[in-house]
Amino acid sequence: MLLLVVWIAAVVVSLVVLGSIGYGLVGAFRRLGRELQAAEREVRPVLEQAAATAARAAALQAGERPADAR
């Protein structure tokens, strides 16, 4: 009988440990997702500016006059 109680206690402790690990992992993945979204919001203007600069450089190399030139 005592052995059965020990096994039940071991299973309960194992489930609690696994549950806490799972809860921590889910929270970490949610935080990671929020961090990636924030990084994308911060980097997007830089990427757009780099794309515009690359387009202007390509236009200059092709001999065209850029639209904002005076």
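Bear in mind these aren't lab numbers, they're just calculated from the coordinates by the rules spelled out. All values derive from a computational prediction rather than experimental measurement. We place every Cβ from the backbone using ideal geometry, glycine too, and count neighbours over all the protein chains shown.
Given Cβ point charges of +1 (Lys, Arg) and -1 (Asp, Glu) and nothing else, what value in debye, to the nearest 20, does the dipole of the chain about its Cα centre take?
Using only the charged Cβ atoms, the result is roughly 100 debye.
Considering the dipole of the chain built from charges on the beta carbon (Lys and Arg +1, Asp and Glu -1) around the Cα centre, which of Thr53, Leu18, Val6 is farthest to its positive end?
With unit charges placed on the Cβ atoms, the residue in question is Thr53.
If I take the Cα coordinates of the chain and project them onto the principal axes, what are the three extents in Å, biggest first?
The principal-axis extents, from largest down, are 92, 18, 8 Å.
Test of understanding: in a Gaussian network model of the chain with alpha carbons linked when under 10 Å, which of Arg41, Arg56, Arg30 would top the mean-square fluctuation ranking?
With Cα springs under 10 Å in the chain, the top fluctuation among Arg41, Arg56, Arg30 is at Arg56.
Calculate the spin-label point distance for Thr53 paired with Ala28, positioning each point 7 Å from the Cα along the beta-carbon direction, and give it in nanometres.
My value for the distance between the label points is 3.6 nm.
Distance in nm between label sites at Leu4 and Glu35, each 7 Å beyond Cα in the beta-carbon direction?
4.8
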